[in-house]
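Structure first, then comments.
The values are calculated or read from the model by the stated rules, or taken from the named source; none is laboratory data. Every value quoted in this text rests on a predicted model; they were computed, and no experiment measured them. Here the Cβ is made from the backbone with ideal geometry for all residues, glycine too, and neighbour counts use every protein chain on show. Side chains are part of the model used for accessible areas, which takes the heavy atoms of the whole protein and leaves out ligands, DNA and RNA. Shrake-Rupley method; radii C 1.70, N 1.55, O 1.52, S 1.80 Å.
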Amino acid sequence: MGPLRRDRLDAQADRYLAEHRESARLVGLDPSGVPASAAELDAYFAAMRPHLAAGPDARTVDAFLRRPPVPTALVPARALLWRRAAALAYHSLPPYAHALYGRPAPSPDTVTHRLIATGNLLRCVPSRIRWQLPPQHILKAMSRLGPDSRPAPYKLRRRAAILDGPGRA
């Protein structure tokens with residue numbers, strides 16, 4: 001990747017993060033304390049990493065995601081398909097996450113190869129079998145509104161009521 005493309009992607013990432021400071025405000029966070037650039041986000045994760053641990057709750061979730069409860073008839077499918085999907089998801093985690101769980105991290109090249117192969121395989125599934133994207137309600141709205149309709153960005157015109165004190169709902 002050339003330096004100009006890298007610079008453009010970095011600028012897009014910074015813009016994305018800066019825009020989501022508004023989302024942070026909507027859920028009650030102070031936007032000034034939320035990372036506004038990729039560099040700030042990297043610094044935040046670097047500061048948080050020493051505080052991470054795979055405690056009992058994390059291990060319970062890990063066990064559930066690796067082997068979710070399914071009806072008896074689906075146990076073979078879980079063993080055949082879900083185990084591979086869960087493994088690929090876990091293999092995609094950064095090396096420090098593998099260390100937290102006491103597992104060796106696979107090589108990035110191996111993970112990249114498996115992700116590409118999985119994507120290629122999934123694109124071979126006929127559309128009549130896989131889930132349709134976008135969802136049906138979106139397709140119905142688009143057919144109702146016409147082929148030239150496009151989603152419009154929603155902008156808050158005033159402070160959200162949920163963040164106000166009593167008296168405004």
Leading residue by the ranking (farthest from Pro69 (Cα to Cα)) among those in segment 86-104 that are open to solvent by 50 Å² or more (accessible area, probe 1.4 Å) and hydrophobic (A, V, I, L, M, F, W, C): Ala99
Hey, Ala18 loosely packed, with under 10 Cβ neighbours inside 10 Å and without any contact (Cβ under 8 Å) to a residue 40 or more places away in the chain or not: no
Checklist (1) modelled with pLDDT under 85; (2) closer than 26 Å to Ala89 by Cα; (3) open to solvent by less than 90 Å² (accessible area, probe 1.4 Å) applied to Gly2, failing item: (2)
Checklist (1) modelled with pLDDT of 90 or more; (2) farther than 23 Å from Pro68 by Cβ applied to His137, failing item: (1)
Segment 35-81, residues that are more than 30 Å from Ala24 (Cα to Cα), basic (Lys, Arg), assigned to a helix (DSSP H, G or I) and over 19 Å from the mean Cα position of the chain (by Cα): Arg78
